[in-house]
Each structure stands twice: as structure tokens, then as C-alpha cells.
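Trainee: First, the structure itself, so that you have it in front of you.
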Amino acid sequence: MHTASLFIELGGTVLVLGVLGALALRAGISPIPLYLLAGLAFGQGGILPLATSEDFIAVGAEIGVVLLLLTLGLEYNADELMASLRGNARGGLFDLVLNAAPGAVVALLLGWGPVAAVAMAGVTYATSSGITAKVLSDLGWIGNRETPVVLSLLVFEDLTMALYLPVLTAILAGVSLAAGAVTVAIALGTAGVVLLVALRFGRLIETFVASPNSEVLLLKVMGLALLVAGVAQQLQVSAAVGAFLVGIALSGELAHEARALLIPLRDLFAAVFFVFFGLQTNPAAIWPMAGLAALLAVVSMATKLATGAYAARRAGVARAGQARAGIALIPRGEFNIVIAGLAVAAGAHRDLGPLAAGYVLILAAFGPLAARLLQPLISAIARRAA
């Protein structure tokens, strides 16, 4: 009976996603907001809560993030990544200061204390790599001049998270400075090793993965990405960073073949990720904090637009590309909810969770919509500049 219930819930959920995706295509918008609404409907406090399949969907959601970043990494090589990171280090610092500030200031103004301020700084700082990757793919922005700038900022953010998350965990747990420093050192060392292997030994990795058989190639690439992502996460580094660097390590025709095989899997599990995101949110808990969440979201949209414009302008990108870079950075998602969950579990403040959930839901839904709706305006800016 349990298996039958699982199949019925999963089948119904995926079928609903297919219908919503078809509606989104007909309306000419991103399906992400509709997937999020489906998650709200199927989650706690929703219209039809899931009973048996939530754990399976949770695992599928994690795989979705890994596949989104893996396929994004397959679009670029190690040399492009390093050149972009070196050229955009100042943009990364600008991003950190400008976008961490709103969350910290709100927490302090509300009297939640310094620990909650550190947590809220992370909530407003980090862009959702998964949603941004989906937006870039859906809108055909992958090959644009500003996309390497966006990717370098995302990688900078994820590497910053490798330092931030252990620090936050230590602060929330009240551990000693020495213990916190050891945790941070392990996280940074892991990120450095994964980056070094991807950059220096890409050819060896390609030789190991390559196969004339598509089935074998798919299994090798998928297995390697999940393995690296799991090891990275076990050592306090984002699984997304690990998967992205596996994609970076593969290049040329091999990367092209692997991406073609992975795209159908990516689209399926990415949809599951967005549904799971909605499942984690109780609409009733968000409502009292909705006004403040909306205000904070508006401020964050402005700061991310400024970040994208600043970094893209430094890279010599035209105005239309600067606008696209800023819009691509708007969505928030997986990292932000994880940070809020850690803070709430540690007792930072009871209102922090609902505020973060409402804030992330607004930006996760509005970011893709803004990208689609503002596309004609961006095109007009480009024509005028030309």
C-alpha cells in the first residue's frame, strides 16, 4: 500500500507539473512561479498535502540542484572560470557588502540581536544558483557576454558560503573560537582541493569519463557529479559548487554530449526542486510577516540590480547586458532557506523563519518573471545603444 500511495502521489505531482509547464509555455513565462505555487498547494497548510512522497521529493530536489549546476558548468571551461573570477573579485566583494547589509540591518532594527543579524545577512546575500541557472537556460542567455560575469559572482558567493556557513554554525552553537576555526579551515581546504583538481586534472577526468556509449557516459558523469557533490557537502562546502566544478572539468565535444544527455533529467529534477521549495513553506505562517518580507525583497532587488550592473560594467558589458546580469541575480532559494532553518533551530528568533520564507518565496517567484517580462525592455535598450 505504501508503494502504491507513493506512486499515486508522485505521478499526480509530476502530471500537475507537466500541465503547469504547458500553461507557462502558452503564456510565454517561466514555469518556476507555477511550480512554487504547486509546492505551496501540496505542502503543510496547503490544499492537498502530500502524505507519503515528501522524503522522496526532498532527495529529488537535491539532485535537481546538482544537475542544474552541473549542466551550467558544462558550458564553460576552467580557463574562462579563473579569468572571470580574477576579473570580478571586486564585484564579488561589492555583492557581499551591498546584499548582506539589508538583512543584518533589519534584524538589528527589529531588536533580534547580533546572532539573528548574522543569519539574516546570509539570507539576503546569496543568490539561488539553481534558479538563476534555470533562468539563463530558459531565456537563452547562456551565450551572452554578461553570463560569465554572473557565473563568477555565483561561484564567489558559493565560496563565501563555504566560509560563512561554518562560522554561522559555530556562532549558533556557541562553540569556542578554536573549534569554529578548525571547521572553517576544513571547509576552505575542501573547496580549494576540489577547485584545484577541476583546474589541473581536467584532462585526466575527461579520459576517465569519456565513452562512445551514451548510457555509459551518462552513468559516469552523473555518478561523478553526485559523488563530488556529496563529499563537498559532507565537508561543509556547497554541493552546488562541487557539481559546478565537475562540469567545468569537462570540456569540448565530451561536455556537449554529456549536456545533451543530462538536459531531460535536469528539467525533471529541477521541477521537483521548485516543488519541494514550496512544500517547505506554510502560507499561514508567512502572512503576518508578508509586508516586511515584501519591503525587504524590493530593497534586495535594487541591490542585486546594482551588483549586476557594477560587475558587468567593469567587464565592459553594454547597458542591456548589465540589466540582464542584475535581473539574473535576483532569485533567492536553497541556501537562504537552509540558513534560516539553522537559525530557527538554534532559537535565534521565532519570526526569523516566516520572514525568510516569505522573502525567499517572493524573490524565487518574481526573479524569473522579471527576467521574462523585462526582456522586451532590455532588447529596446540594446537597439537604442546600437
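Trainee: Among the residues of the range 334-356, write down those that are within 19 Å of E62 (Cβ to Cβ) and open to solvent by 10 Å² or more (accessible area, probe 1.4 Å).
Mentor: E334, F335, I337, V338, G341, L342, A345
Trainee: Follow-up. Here is a list of conditions, (1) open to solvent by 10 Å² or more (accessible area, probe 1.4 Å); (2) closer than 26 Å to R200 by Cα; (3) modelled with pLDDT of 85 or more, and L67 meets all of them except one; can you say which number that is?
Mentor: Result: L67 passes all but (1).
Trainee: Something else about it: Being closer than 21 Å to F366 by Cβ and of a type in the set (A, V, I, L, M, F, W, C) is the requirement here; does L108 meet it?
Mentor: Criteria not met by L108.
Trainee: At least 2 residues that are surrounded by 24 or more Cβ atoms within 10 Å (Cβ to Cβ) in each: list the helices (runs of 4 or more DSSP H) lying fully within the range 236-333 that qualify.
Mentor: Here the list reads 239-249, 252-279, 290-314, 319-328.
Trainee: Which one of the conditions (1) over 15 Å from T124 (Cβ atoms); (2) modelled with pLDDT of 90 or more; (3) not small (G, A, S) does V317 fail to meet, given that it meets all the rest?
Mentor: (2)
Trainee: Here are the criteria: (1) open to solvent by 40 Å² or more (accessible area, probe 1.4 Å); (2) at pLDDT below 85; (3) not in a helix (DSSP H, G or I). Tell me which single one Y76 does not satisfy.
Mentor: Going through the list (1) open to solvent by 40 Å² or more (accessible area, probe 1.4 Å); (2) at pLDDT below 85; (3) not in a helix (DSSP H, G or I), Y76 breaks only (1).
Trainee: Here is a follow-up. Please determine, by comparing only the residues of the range 173-215 that are modelled with pLDDT of 75 or more and open to solvent by less than 60 Å² (accessible area, probe 1.4 Å), which one is farthest from G341 (Cα to Cα).
Mentor: Among those residues, the one meeting the criterion is S211.
The values are calculated or read from the model by the stated rules, or taken from the named source; none is laboratory data. Quick caveat: nothing in here was measured; it's all calculated off a predicted structure. Every residue, glycine as well, gets a Cβ built from its backbone with ideal geometry; the counts of neighbours run over all protein chains shown. When the accessible area is computed, the model is the full protein with side chains, heavy atoms only, and any ligands, DNA or RNA have been set aside. Shrake-Rupley method; radii C 1.70, N 1.55, O 1.52, S 1.80 Å.
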